[in-house]
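Input: a single structure, listed below in structure tokens.
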Amino acid sequence: MKLRITILLSLLFIITGCFSAKVVQAQHADHHEHCETEHVSMHTSHQVASPAGIMGDHVHSKGSWMFSYMYMGMQMDGLYDGRSELNSTQLNRNYEMTPDNMFMQMHMIGAMYAVSNRVTLMAMVPFLQKEMGHFHTGHQHHQSSMNSAGLGDIKLSAITPLYRKNGNNLILNGGIILPTGSIDVASDGHMGMESRMGYGMQLGSGTTDLHGLISYSGQAGNWGFGSQVGGLIRLGNNSEQYRHGNSAEHSVWLGRQIAFPLTATVRLNSTWQDHIHGQDSNINPAMIATADPYCYGGLRSRAMGGLNLQLGSVLPVSGTFGVEAGAPIYQNLNGPQMGESWMILSAIRISL
Ligand SMILES: [Cu+2]
């Protein structure tokens, strides 16, 4: 499994690398001289900002701050096994209950501070709200729901530019994710008996994780483009004797200024995650698929469209406000597992 992750990550790096090299060449041929010396911050040098959901792809100039707020909502529906959606007659009878739908929301506060022109530090603090509807297998009309909400896992990163010329930026981002989210959230079960909710309803991973990200972004006239590839590795098991799967993520995007200060963006985003290893003895895997550690992870690709507004043109601040929405175009899930049906996110970023 480790080997497969390494191969996958290397492939993604190579693809991103080839794409970046081509664009860098094209840019050199263009002889477009952007004022690369005086602008360190992406928010001042880039006229076409990255899509709203792209994070940690830029640095700031020494001593400056950026604050951000991001909202994300994701709806999940339907049960998948591999690439196919299960119909009601195929619902797995091994589980007492069947998950039907889920709505996840995230409010994330972020801060960036540049200790030097080479190193920008970033912290992201998420608050999660999850709601899941389910029914007793074979009794689809007997719906009930469960909720969880609270602080998620805090992410800390250091970001450094690897290459910066003529509007092209190659940025390295790495750090740790702290197990600040709860992993023992319980619901009022039947007859007032509390029971620990499935893994997906918990708020954190319970493990300290390493993450890394490499981002390329470029500009050519009214166009902006970029690619980002990253991964996450869990360091050992959590206190309940399991760990979420390692994961990898890739985005490639294109943006175009449609009328100053508005930019339109399109993005292809793919995420892959391994299943859960180990098991929480307080979560009964025969109850529902979301309580089964093997019914997690898989490969998902989403197509997303968005809009960005340069705030400097309407407010006396420097920053961006953006929205992005998307839907999956490919899902291959370790099933039975709920599929994604759509997601929306919105972010405001203000530089000081
Ligand atoms: Cu920033």
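The values are calculated or read from the model by the stated rules, or taken from the named source; none is laboratory data. Just so it is clear, the model here is predicted, and its values are computed rather than measured. Note that we place each Cβ from the backbone using ideal geometry, even for glycine, and neighbour counts take in every protein chain shown. Calculation scope for accessible area: heavy atoms of the full protein, side chains included, ligands and nucleic acids excluded. Shrake-Rupley method; radii C 1.70, N 1.55, O 1.52, S 1.80 Å.
Limited to the range 137-165, what total is found for residues that are touching a Phe, Trp or Tyr at 6+ places or on another chain (Cβ under 8 Å) and buried (at least 20 other Cβ atoms within 10 Å of the Cβ)?
Of the residues in that region, 1 qualify.
When Gly206 is evaluated against the numbered criteria (1) more than 20 Å from Tyr296 (Cβ to Cβ); (2) touching a strand residue (DSSP E or B) at 6+ places or on another chain (Cβ under 9 Å), which criterion, by number, is the only one it fails?
It fails just one condition, (1).
Restrict the check to the range 249-271 and report whether at least one residue is under 18 Å from Gly181 (Cβ atoms) and of a type in the set (S, T, N, Q).
Checked against the condition, which is being under 18 Å from Gly181 (Cβ atoms) and of a type in the set (S, T, N, Q), the range 249-271 yields no hits at all.
Show the residue pairs meeting these rules: Cβ distance below 8 Å; 6+ apart or different chains; first residue within the range 167-189 and farther than 19 Å from Tyr113 by Cα and without any contact (Cβ under 8 Å) to a residue 24 or more places away in the chain; second residue open to solvent by 30 Å² or more (accessible area, probe 1.4 Å) and in a strand (DSSP E or B).
So the pair list comes out as Ala186/Glu194; Ala186/Ser195; Ala186/Arg196; Asp188/Glu194; Gly189/Ser195.
Based on what the data block shows, is Thr98 within 13 Å of the ligand (Cβ to nearest atom) and touching a residue at least 60 places away in the same chain (Cβ under 8 Å)?
Answer is no for this residue.
Tell me the strands (runs of 3 or more DSSP E) entirely within the range 172-257 that contain at least 3 residues that are closer than 30 Å to Gly133 by Cβ.
Here the list reads 186-188, 194-196.
Does the range 334-350 hold any residues that are over 16 Å from the mean Cα position of the chain (by Cα), within 16 Å of the ligand (Cβ to nearest atom) and either of a type in the set (Phe, Trp, Tyr) or surrounded by 22 or more Cβ atoms within 10 Å (Cβ to Cβ) (or both), and which are they?
Answer for the range 334-350, where residues must be over 16 Å from the mean Cα position of the chain (by Cα), within 16 Å of the ligand (Cβ to nearest atom) and either of a type in the set (Phe, Trp, Tyr) or surrounded by 22 or more Cβ atoms within 10 Å (Cβ to Cβ) (or both): just Arg349.
Tell me which residues, restricted to the range 236-267, are at pLDDT 95 or above, among the β-branched types (Val, Ile, Thr) and open to solvent by 30 Å² or more (accessible area, probe 1.4 Å).
Val252, Val266
Any residue at all in the range 166-188 that's over 21 Å from the mean Cα position of the chain (by Cα), of a type in the set (A, V, I, L, M) and over 27 Å from Gln75 (Cβ atoms)?
Looking through the range 166-188, none of the residues is over 21 Å from the mean Cα position of the chain (by Cα), of a type in the set (A, V, I, L, M) and over 27 Å from Gln75 (Cβ atoms).
Consider His134 carefully, then state whether it is open to solvent by 60 Å² or more (accessible area, probe 1.4 Å) and either on the phi < 0 side of the Ramachandran plot or not in a strand (DSSP E or B) (or both).
Judged against the criteria, His134 is not a match.
Report, ordered by the first and then the second residue, all pairs with beta carbons closer than 7 Å, sequence separation of six or more or different chains, a first member in the range 127-143 that is under 30 Å from Gly204 (Cβ atoms) and free of Cβ contacts under 8 Å to residues at least 40 places away in the same chain, and a second member that is open to solvent by less than 90 Å² (accessible area, probe 1.4 Å) and hydroxyl-bearing (Ser, Thr, Tyr).
Taking only residues 6 or more apart or on different chains, the pairs are Glu131/Ser145; Gly133/Ser145; Phe135/Thr98.
Kindly indicate whether Asn222 is among the polar types (S, T, N, Q) and at pLDDT below 95.
yes
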